[in-house]
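The values are calculated or read from the model by the stated rules, or taken from the named source; none is laboratory data. Source: prediction; values computed, not measured. Don't worry about glycine lacking a Cβ; one is built from the backbone with ideal geometry, like all the others, and counts go over all protein chains shown. Side chains included, ligands, DNA and RNA excluded: accessible areas come from the protein's heavy atoms. Shrake-Rupley method; radii C 1.70, N 1.55, O 1.52, S 1.80 Å.
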Amino acid sequence: MSNVLSNKKRGMRELGAEKKVGWDEVTHGVILHSFEDDATDVAKRKAEDRNYSDFSSYTATVASWRVIKPVYNRDICIDCQNCWVWCPDSSIISRDKQILGIDYDHCKGCGVCVEVCPTNPKSLLMFGEALSSEDAIAQWPVKEKKEK
Amino acid sequence: MAITSVKNLKEFSTTNERFEGAHLLCPGCAHSMIVRELMNCTDDNLVISTNTGCLEVSTAVYPYTSWDTSWIHIGFENAATAAAGAEAMYKARKRKGTLKNPDAPVKFVAFGGDGSTYDIGFQWLSGAVERGHNFTYICLDNENYANTGGQRSSSTPIGASTTTAPAGRVSYGEKRNKKDMLAIMAANGASYVAQVAPNKWKNMAQAFQKALATDGPCYINALSACTTEWKFDPKDTINISDLATDSLVFPLYEIIDGTELNITYRPKNVLPVKDYLAAQGRFKHLFKPENAYLIEEWQKRVDAKWEYLQRREEARV
Ligand SMILES: Cc1ncc(C[n+]2csc(CCOP(=O)(O)OP(=O)(O)O)c2C)c(N)n1
Ligand code: SF4
Ligand code: SF4
Ligand code: SF4
Ligand SMILES: [Mg+2]
């Protein structure tokens, strides 16, 4: 689990940054291999233990799509895994039933994770893309009173 | 079949993800929630076909693929055909003894949009189910042709505004009722048929696992709330899905071997249909006074369908 949060391979490239073969040079039928080596037991391995090829979108980033980003606050989180199951971009990193953080290479800033977080205050909140996570956590709201 | 435990979310979260990020589906798109969960609920090798539509164009943008498994893209009408062909070849090669790993567990899955399932791939799906291929067909039902800009399909419900049946001065939008694909597939001979929604993650995972474990053709209709064409904020995908299942606009049930119908989710508090409609831009015009009768009709249709499902469940026919 060494490099799960800062996996070197992840999000190396902007989409479309590099062209292998022009679209007009492709003959009918193309096979893209997601992995460099034998992929037979891929379902038994975590991302950090797989050898992704440059064809896997795992190695690409969509970070530039975001204008707002979710920030994760470990202190409040109860590891319910709601954010993990509903993230449409496989961007909540969970290992051994604990949330480790957000994959900012693949997160598009949709805000679904914040909506489904059940804690009070929420353990995930949206902030401007430019704000640092430390600054965001420093302005975390306090517990909201239940409306009568 | 090697299944991942879906007893609770914590257990489920220990699965090894096989659907990668940096696909190009819209932020908040439910297609990926459904696909990710299918791939996460089993360890078996998967052979997946996907025809043209939002899912395909967004997950195989050359030179990238988001699929950590065998995956085939095929033309608009042929998700079922590709999965059926791969399954037939697999069986033939197994019989002839030419498979490298004949004992490795393999499952065949097809993903199609509602445009391709309800309309354009309909006869190919029907044929594959009739022939009895051992595969699971999953329709990502967003009730329109989203990838080409939101045209109506035969899954679009009455009153929705789409680009080919827009609401305006002379029309309230779609005029025909949504086609009942579950009844059609059950009558077509599918061994297992189910309607699921991503907000009920466990219900959905259980249906996926049942389908994958069933020997025979299975059809699953998955509610896929579309932020772009239904016109709601991307953060609300799960909220909208909750409104759909809890207002019974999208009831969750299964049909086994064409006859045994089981309701798989009963909301504790049934919400009014108008709450579901009010949350989406595609139904905005229904709230004009002259269209009030349409909302009443909606509610009546939903009540009648719920009544029908309950009676079928009871009658076991
Ligand atoms: C035979 C054929 N007709 C039309 C098209 C154009 N086309 C591509 S995707 C699409 C819409 C797909 O709608 P749906 O199946 O509902 O999937 P969604 O994009 O909504 O997920 C259409 C009409 C095509 N590719 N092939
Ligand atoms: S904002 Fe959306 S994409 Fe980003 S982590 Fe949350 S749910 Fe996933
Ligand atoms: S939804 Fe909230 S409480 Fe639950 S695991 Fe995610 S951050 Fe933690
Ligand atoms: S248009 Fe709808 S279905 Fe297509 S990617 Fe966007 S949200 Fe998903
Ligand atoms: Mg569609």
Check whether at least one residue in the range A:81-92 is closer than 16 Å to residue A:47 by Cβ and either within 16 Å of ligand 5 (Cβ to nearest atom) or in a strand (DSSP E or B) (or both), and report yes or no. yes
Would a scan of the range B:232-245 turn up a residue that is in contact (Cβ under 8 Å) with a residue 40 or more places away in the chain, hydroxyl-bearing (Ser, Thr, Tyr) and over 20 Å from residue B:271 (Cβ atoms)? no
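With the range B:49-156 as the region, which helices (runs of 4 or more DSSP H) entirely inside it contain at least 2 residues that are among the hydrophobic types (A, V, I, L, M, F, W, C), open to solvent by less than 10 Å² (accessible area, probe 1.4 Å) and away from every other protein chain (no Cβ under 14 Å)? Walk me through it before giving the result.
Values: elements: B:54-59, B:79-96, B:122-131.
Qualifying helices (runs of 4 or more DSSP H): B:79-96, B:122-131.
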Residue A:115 fails exactly one of the following numbered conditions: (1) at the interface with chain B (Cβ under 7 Å from one of its Cβ atoms); (2) surrounded by 18 or more Cβ atoms within 10 Å (Cβ to Cβ); (3) away from ligand 3 (no atom under 16 Å from the Cβ); (4) of a type outside the set (Gly, Ala, Ser). What is the number of that condition? (3)
Count, please, the residues in the range B:225-250 that happen to be in a loop (DSSP other than H, G, I, E, B), away from ligand 2 (no atom under 16 Å from the Cβ) and open to solvent by less than 10 Å² (accessible area, probe 1.4 Å). 2
Looking at residue A:74 and the list (1) among the charged types (D, E, K, R); (2) at the interface with chain B (Cβ under 7 Å from one of its Cβ atoms); (3) assigned to a loop (DSSP other than H, G, I, E, B); (4) more than 18 Å from residue B:16 (Cβ to Cβ), which single condition is not satisfied? (2)
Any chance the range A:83-97 includes a residue that's within 16 Å of ligand 4 (Cβ to nearest atom), among the hydrophobic types (A, V, I, L, M, F, W, C) and closer than 30 Å to residue B:39 by Cβ? yes
Within the range B:20-48, residues being within 10 Å of ligand 4 (Cβ to nearest atom) and outside any helix (DSSP H, G or I) number 7
